[in-house]
1. Once label points are set 7 Å from the Cα along Cα→Cβ at both residue 386 and residue 398, what is their separation, rounded to one decimal in nm?
2. How long are the semi-axes of the equivalent ellipsoid of the stretch 153-257, taking √(5λ) for every eigenvalue λ of the Cα gyration tensor, in whole Å from largest down?
3. Using only helices, what value at 222 nm comes out for the chain when you add -39,500 (n - 2.57) per DSSP H run of length 4 or more and divide by the total residues, to the nearest 500 deg cm²/dmol?
4. Across 10 Å bins from the origin, how do the percents of Cα pairs in the chain run, short distances first?
5. Using only C-alpha atoms and all pairs of different ones, pull out the Kirkwood radius for the stretch 377-450 in Å with one decimal.
6. Take 288, 196 and sort them by solvent-accessible surface of the protein heavy atoms, 1.4 Å probe, largest at the top.
7. So if I take the alpha carbon set of the stretch 50-157, get Rg, then get Rh from the Kirkwood formula, what is the Rg over Rh ratio?
8. Can you give me the C-alpha center-to-center distance between the stretch 275-326 and the stretch 445-500, rounded to a whole angstrom?
Amino acid sequence: MKRTASAAEFNVGGRIRPSLGAPVNRPKPQRTMTYVTKGKVLVVCEVEDEHDPINAVQTLSKALDSRRGCLLSSSYEYPGRYCEWTMGFVDPPLSLESWGRRFCITALNSRGKLFLPFLSEAIGKAAALSLTKTTDEHVEGTVAEADGFFAEEERSKQPSIFSVIRIFVDLFNSDEDSFLGLYGAFGYDLTFQFEKIKLHKDRDSKQRDVVLYIPDEILVINHHAKQSWRQRYDFVFGEGAGVSCTKGLAREGKVIDFHARSEMPEGMAKREYAPGHFAKLVDKAKEKFARGDLFEAVLSQTFREPCKDAPSVIFSRLQERNPSPYGFLMNLGEGEYLVGASPEMFVRVEANPKGLRVETCPISGTIRRGKDALEDAENIRTILTDPKEESEITMCTDVDRNDKSRICQHGSVQVIGRRQIEMYSRLIHTVDHVEGYLRPEFDALDAFLVHMWAVTVCGAPKTWAMQFVEEMEESQRRWYGASVGHVAFDGHLNTGLTLRTIRVQNGVAEVRAGATLLFDSVPESEEKETELKASACLGAVMHAVDPRKAAGMNGITHVSCSGTNNGRQVLLIDFEDSFVHTLANYLRQTGAKVTTIRHTSAEQALKSMRALDLAVLSPGPGRPTDFGVSQHIKRLLERKIPIFGVCLGLQGIVEHFGGQLAQLSYPMHGKPSMVEVDTKCGCTGVFEGLPKKFRVARYHSLYGQRPLPDCLQVTASIALGEVGGPATPGQESTGDDSRHLPIIMGVQHRTLPLAAVQFHPESILTSPEYGVRMLQNALQLKPIQS
């Protein structure tokens, strides 16, 4: 049975409203709801408001350090894709675990024991499943291999561990409840039940491929709706004299304390590969690309650290430092924990009036976060214009569309978001968003299986890429690159890829990270990418305080200023400019005291100001003569006050000393350009400590013509290849008089403490760090020649 949805539930102004993975609103006001499942189980659900959700989450999280259960939490919002929600539980009554084609259903308390006869009977009737052992605490069995041949469209229906999961979904199916279901983790090796791969590496026989729980008490928080509540379940199995009920039985579980570790176990390395080894694997992948065996491949490596703090503490750090749509804390039993902040949806299936909608959000394309929003913007520009990054995500999405086309209605598979930007604590990703609608004969588990595993974690073509991964990587992936989430008994499903995940076992934290490789890949860069991806999780394990936050990364840029400018008096003459107060703000960041005076009052103000350390001539519209700039300069020089000019200020200085101005053929208003500092004069002046080349903001039509008066020295010009810069071979003329190229961007007087720039150091197109540094330098102005 598949969950249906009413039009009223989803329509807003005639548009279909997706849930974005969030829980539906709190059930109707009644305290108890009762329903009968498809398998004739009577479910009684008591609903109770949770009045202190913050404390409830903290209590649940801490409980998971020693008791089995799950906490799923989305702390990331993206319009049309993600919103914030939390669901979790502890002490579930039942677990499903598997190893290859062997499975075990375990009653974790007295309540769970009542499930087993009911499940055992259903499993015994399934043709592909065989029971091998049944006790009052366990039901064990195996799954047969597929017989004969089958059409590719039917591959997801073939026998696998998902045949067992289907029995759970079928028995407990009901449209009445979207919360009851299986919660937990799926391992990477499950894919070998879907696609036949020749295995090369040894496997840990104890490593589980599936750990799923049925909860009987769930904490639910819909952050957007500001609702929080608990749902407590009781179950009635059988009829007549054979009836059994969980009512009155204790909701409890084993308590096994977490054991921290301060040092690595003897003989265990912190890094799976020595530095440089991963880069060599990239070279091997490039050989495959050259031959056409692969289009792309995702190789990974593991990093380890001793786990000094409890999993709940690490989870809290990740939630604070790296908000993500798929955050999770899972106690899987056997001393194994998963703590994660995954950025990527694996598969989400929801019902709406059009049918069962399946969606995915392939992530491919990664660049580091900047130290502030401006550097972020530059990095976004870089990644969006990088052909290699575009190729990566194109191949991923083409494969993803193919996965959906196997089981979706023809014509329904659509790309609804292309190369969209998602920003996380240390990384910026490009993301596509793909949807389709399932054909009537397929369900959410079919959608899960046909995408296993996402091309973004294995490569393409998928089967050959998975074979390559198996041959190249040193260790089994365990949970990495697979999935965590919720298989609901009402037919919907919400799962995230197991990325940015810490696996904790025996006090050792493991973080596995990969890189998408193409023929264009630079081996050393790809190795660094794996290190960068692992860094947020490793940081949460190692550091109580986020080192990046302490360093001021990804926030407001604060420039460290020396105390030498404290108390310096600056007069800022305003030539009716729209940016003058930002310029004053930057000057104050140097420690100086700034007085801003409109040009019409500057002469009077100058007479009343006894001591000045610097005068700044602001930008402005028009020409210098419109404001009598030359007269202002004359008065300042008579007082022997150092001068720094910006844009119009530079033009006024050029004219004051006898130079000429010209007009650009194309005005540069709000345009970025690269400038190059001229170091030949032997004095970098206001550019001291800055790169030889850097980007600036231009707002001007006029510029100082070459040659300048002899008393002025060019300190910076438009860089090679830029509009207004020296022409590169084959470059067309910009239309400006070539005698004046490259256009002057900075000047300094040879014998007076006077300098100017033609660009705007206070604009967002100029790095704030560089802008403030220039103004610091201006306060230390000295003549080029003593």
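The values are calculated or read from the model by the stated rules, or taken from the named source; none is laboratory data. The shown structure was predicted, so the numbers you read here are calculated from the model rather than taken from an experiment. Here Cβ is always computed from backbone atoms with ideal geometry, including for glycine, and neighbour counts include all displayed protein chains. Remember, those area values only see protein heavy atoms, side chains included, never the ligands or the DNA or RNA. Shrake-Rupley method; radii C 1.70, N 1.55, O 1.52, S 1.80 Å.
1. 2.0 nm
2. Values for the stretch 153-257, descending: 32, 20, 18 Å.
3. Details: 19 runs with 191 residues, N = 786.
Rounded to the nearest 500, the figure is -7000 deg cm²/dmol.
4. 2, 12, 19, 19, 15, 12, 10, 7, 3, 1, 0
5. Value: 13.8 Å, from the Cα pair sum.
6. Largest accessible area first, the residues go 196, 288.
7. 1.11
8. One Cα centre to the other: 14 Å.
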